[in-house]
Amino acid sequence: METFVTIERALAIAQQTPIQHSTEWIQLSQAHNRILAEDLTSKVDDPPFDNSAMDGWAVRSSDLNRLEVGMTAAGTPPTEIGKGEAIRIMTGAPVPKGADAIVKIEDGIDGQAHTNFIRRRGENIRQGESPLSSGQLLTPAAISLAATMGHDTIPVRSQPRIAVVSTGDELVPPGAELQNGQIYESNSYGLCALLEKIGCTPLLHEVVEDNMESLRHTLDSLDCDAILTSGGVSMGEFDYVRKLMEEEGDLHFWKVAMRPGGPPLFGTWKGTPLFGLPGNPVSSHLVFLMIAAPWIAPETPLAREVTVRMKDSVKGAPGKVCLRRIHITTEDGALVATTHTHQGSGNIHSMVAHNGVTLLPPDSEANTGDTISALWYL
Ligand code: AMP
Ligand code: MG
């Protein structure tokens, strides 16, 4: 077990216990944001035949005077031209035998002939090539490419089923009447949305009370690929996630040198990976963004590292990377950042009012005008 590790080390430790995937075959129309499980080989050349890139005439480039002898459109079978002949051709139509160039319609039939207005068979992809690799995120463009290559069903990784368990005697679901000392449970809602964003199936569990037996019983009852807990991981008397993992689980790290978000833990509970997020709403969100998400789904980044110029000064943290919430915009083509609202780790509004965080190295601060690294949420 390692304690008080860097963010990078925490991720490296978690990556030693990857979530297991199986492969499933799905319809291409259902594939958006899934992860390809095998290299995908093209069944055809792209394009499958020489075709016109322009509306115009298919001609022989050596002919100076041309006589229009017919018309061909996309979807019609190939034709042929002889010396001195031209055929009206539409974009995507097969280039007639005998033609080696296209004159575009705007230039008139005796205009300049261009050989590069012909899209050559296989110039994009050859049959048997694999432009999509295992592990690739299926973006809209990647899905179009798979279709171009002739695939109607494709192999993708199964979506990890991740249990979300909030702990805390003070938590009640939104909608209920709050009694004195109670707050609405909010972390699990954000965490389920984050999990959906990175292509997982969240399994929302009801809030677990702060005692060893309830927590043990809940963890034992889960049927999932990984467990995310929130709360109960710091030094408090009732921080039972940490206690249970220390005594009965297998703990790999506890505490990360970041603020907010100091006390997360990672390990396995009876063979299932368990990520223990802090209870403070900003902390749980940021630890998920910085460590849990890149561990679960490195192909689906939730933030991008950028360089920003500060328009306000921000304080750092002794010994820890400091994640101050900032709002990033562009000014004269450069990224600039401002910061406002109360920055407490309990204030989830600060995550909504800003669109990124600073990555201030330990024991440093940023003054107005300084250029620093930051994370910009996608
Ligand atoms: P803990 O880590 O359990 O000590 O919780 C730290 C703080 O976060 C406390 O103020 C809790 O009330 C709050 N908290 C813990 N879990 C949640 C949750 N699921 N939703 C909202 N706030 C929470
Ligand atoms: Mg608690």
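Readers should treat all values here as calculations from the given coordinates under stated rules, not as data from a laboratory. Everything numeric here is computed off the predicted structure, so don't read it as measured data. Here Cβ is always computed from backbone atoms with ideal geometry, including for glycine, and neighbour counts include all displayed protein chains.
Taking only the Cα atoms of region 107-181, the radius of gyration and Dmax are 27.1, 87 Å. With Cα atoms as the point set, the chain shows a radius of gyration and Dmax of 29.1, 93 Å. Taking a straight Cα-Cα cut-off under 29 Å and skipping sequence neighbours fewer than 8 places away in the same chain, the lysines within cross-link reach of residue 311 are 320. Would you list which lysines come within 22 Å of residue 83, measuring only between C-alpha atoms, while excluding same-chain residues fewer than 8 positions from it? Result set, ordered by chain and number: 97, 104. For region 259-307, report the translational diffusion coefficient in µm²/s to the nearest whole number, using Stokes-Einstein at 20 °C, 1.002 mPa s, and a Kirkwood Rh over Cα pairs. Approximately 183 µm²/s, per Stokes-Einstein. Taking only the Cα atoms of region 247-378, the ratio Rg/Rh comes out at 1.01, with Rh defined as the Kirkwood radius. DSSP bridge analysis restricted to region 1-108 gives an antiparallel fraction near 55%, rounded to the nearest 5. Within the shell defined by Cβ-Cβ distances under 11 Å, the residues around residue 124 carry a net charge of 0, with Lys and Arg each +1 and Asp and Glu each -1.
For region 176-287, the equivalent ellipsoid derived from the Cα gyration tensor has semi-axes of 19, 17, 16 Å, listed largest first.
Restricting attention to the chain, close to 60% of DSSP beta bridges with both partner residues there are antiparallel. Straight Cα distances below 30 angstrom link residue 270 to the lysines 197, 243, 255, with same-chain residues fewer than 8 positions distant left out.
Computed over region 1-82, the convex hull of the alpha-carbon atoms projects to a mean area of 12.2 nm². Kirkwood radius and radius of gyration were both taken over the C-alpha atoms of region 176-237, and their ratio Rg/Rh is 0.98. Computed over the alpha-carbon atoms, region 53-178 gives an Rg to Rh ratio of 1.41, Rh here being the Kirkwood radius from the mean inverse distance.
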